[in-house]
Amino acid sequence: MAAMNPQTELRVRTLSIHVVTWNVASAAPPPDLSDLLQLNNLNLNLDVYVIGLQEMNCGIMSLLSDTAFEDPWSSFFMDVLSPLSFVKVSSVRMQGLLLLIFAKYQHLPFIQILSTKSTPTGLFGYWGNKGGINIFLKFYGYYVSIINCHLPPHMANNDQRLEHFDRILEMQNFEAQDIPNILDHDLILWFGDMNFRIEDFGLHFVRESIKNQCYSDLWEKDQLSIAKRHDPLLREFQEGPLLFPPTYKFDKNSNNYDTSEKKRKPAWTDRILWRLKRQPQAAVHTPTPSAPHFTLFPRSYVSHMLYSISDHKPVTSTFDLELKPLVSAPLITLLPESLCTEESDLLISYSLTADFLSSPWDWIGLYKVYIDISDIPETEDQFLLFYYSNNLHSVVGISKPFKIQPHSFLAEGPLDEAQPQI
């Protein structure tokens, strides 16, 4: 067999990632999230959804229910995204914070979940109403960290916000595991209700600036923007332009800013940041080795005024991730051996790479492919085989879709002969 051309094997791929952050203020999911998830955007072909929620209902009864069953938000996203061939890759929750990752099923063999972590920074540093939750993974061989956070509120607590930001970052060390320091990860996606406020300007000036869509003065006094000018590490975290109105604080069930007695000043509390790994500086006369191709391009950064169940508006950002895969083939290759029918056992063959360490607790699952048939005629169901690795806690192989023939039965032919029928 001819060897695979390395250039073909490692060609650059472009994958689309849609990031959502929303402080839902204990509300239940609204009936329709198409705008939030960009389901009607025909120009998008999304590969991954990263969804972070803050202030989910975390009362005692709600937490007990969510422990026994899937929480309402996770179930809602599953119901919406599963028919579009997305699979929930991982999730982590800490009280009112929830982080979910969904990916198209064909990417699963190239996503390895390394760790999930919760970092509470609430009351005395132990209460989880504030803090960060994290999912660390390898994506086509690259290290990616995803953090959803909820930082302390109120104008006067900016120093505390920055302290909590640093604490969450410092806690992401895994000395006992084969995971590099978070600052050596190829990509950090960090988002959430960061609670940064607009300094100096009064309520009237801020509201008039928003009404006239004159945001430039407000950017200069945004606490996160100010902090980035003085903190070199924070400055490494990039953000798209704030071309949308401040997302807090609104009267619930309206698009009106706070009309209560407190009349809180609007602010861009809900943010999406990212950081790419620093490239080492080469000496003047030392040639710099070519780094693997890994670049993130923001395509959109918007708020969604359509939703009014909370005093926050959700914020989303869509990215194009260009990468040259470091992993070109799955660890396991699965193949159904024969025609599959409902009345016969399914014979499966699989091959594994030389460096794959199998376990007696590995398993192969059969899953139905959900297809949105609203626009196409009804067809026969299709199925997939998944190989799950217990050591890697991840799916490491997927078969191509195949059909299982319906149950056969015997019918009498014209000569009273038994004829097999499908």
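For the condition more than 19 Å from L98 (Cα to Cα) and either in contact with a helix residue (DSSP H, G or I) (Cβ under 6 Å, 6 or more places away or on another chain) or crowded, with 21+ Cβ neighbours inside 10 Å (or both), I198 qualifies.
The rows are residues; the columns are (1) of a type in the set (A, V, I, L, M, F, W, C); (2) farther than 23 Å from H18 by Cα.
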position	(1), (2)
L151	yes, no
M155	yes, yes
D159	no, yes
E170	no, yes
N173	no, yes
D186	no, no
G192	no, no
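Mind checking whether some residue in the range 31-52 is among the small types (G, A, S), modelled with pLDDT of 95 or more, under 18 Å from S308 (Cβ atoms) and part of a helix (DSSP H, G or I)? Yes: one or more hits. Among the conditions (1) at pLDDT 85 or above; (2) open to solvent by 20 Å² or more (accessible area, probe 1.4 Å), the only one that P336 does not satisfy is (1).
Within the range 285-305, the presence of at least one residue that is at pLDDT 90 or above and more than 20 Å from the chain's Cα centre (by Cα) is confirmed.
For residues that are more than 16 Å from the chain's Cα centre (by Cα) and of a type in the set (A, V, I, L, M, F, W, C), scanning just the range 108-161, find the one that is least open to solvent (accessible area, probe 1.4 Å). If we take residues in the range 108-161 being more than 16 Å from the chain's Cα centre (by Cα) and of a type in the set (A, V, I, L, M, F, W, C), then L151 is least open to solvent (accessible area, probe 1.4 Å). Scanning the range 389-404 for residues that are open to solvent by 50 Å² or more (accessible area, probe 1.4 Å) and either in contact with a Ser or Thr (Cβ under 6 Å, 6 or more places away or on another chain) or closer than 14 Å to V87 by Cα (or both) yields N390, N391. Yes or no: I371 at pLDDT below 75, of a type in the set (V, I, T) and open to solvent by 60 Å² or more (accessible area, probe 1.4 Å)? So I371 fits the description; yes. Contact map, the range 204-233: residues that are open to solvent by less than 60 Å² (accessible area, probe 1.4 Å) and at pLDDT 95 or above paired with residues that are in a helix (DSSP H, G or I) and of a type in the set (K, R), Cβ distance under 9 Å, separation 6+ or inter-chain. Pairs shown: Q223/R161; L224/R161; A227/R161; A227/R235; K228/R235. Can you find, within the range 312-333, the residue that is nearest to R13 (Cα to Cα) among those that are open to solvent by less than 20 Å² (accessible area, probe 1.4 Å) and assigned to a loop (DSSP other than H, G, I, E, B)? Applying the filter and picking the extreme gives P325.
Can you confirm whether the range 183-192 contains a residue that is closer than 24 Å to E55 by Cβ, open to solvent by 40 Å² or more (accessible area, probe 1.4 Å) and not β-branched (V, I, T)? No, because not a single residue in the range 183-192 is closer than 24 Å to E55 by Cβ, open to solvent by 40 Å² or more (accessible area, probe 1.4 Å) and not β-branched (V, I, T). With respect to (1) without any contact (Cβ under 8 Å) to a residue 12 or more places away in the chain; (2) surrounded by 20 or more Cβ atoms within 10 Å (Cβ to Cβ), the lone exception for H164 is condition (1).
Applying the selection to the range 162-215, what residues are assigned to a helix (DSSP H, G or I) and of a type in the set (S, T, Y)? Result: S209, single match.
The values are calculated or read from the model by the stated rules, or taken from the named source; none is laboratory data. Nothing here was measured: the structure is a model prediction, and the numbers come from that model. Cβ sites come from the backbone with ideal geometry, for glycine too, and all protein chains shown count toward neighbours. Accessible surface is based on the protein model in full, side chains and every heavy atom, while ligands, DNA and RNA are left aside. Shrake-Rupley method; radii C 1.70, N 1.55, O 1.52, S 1.80 Å.
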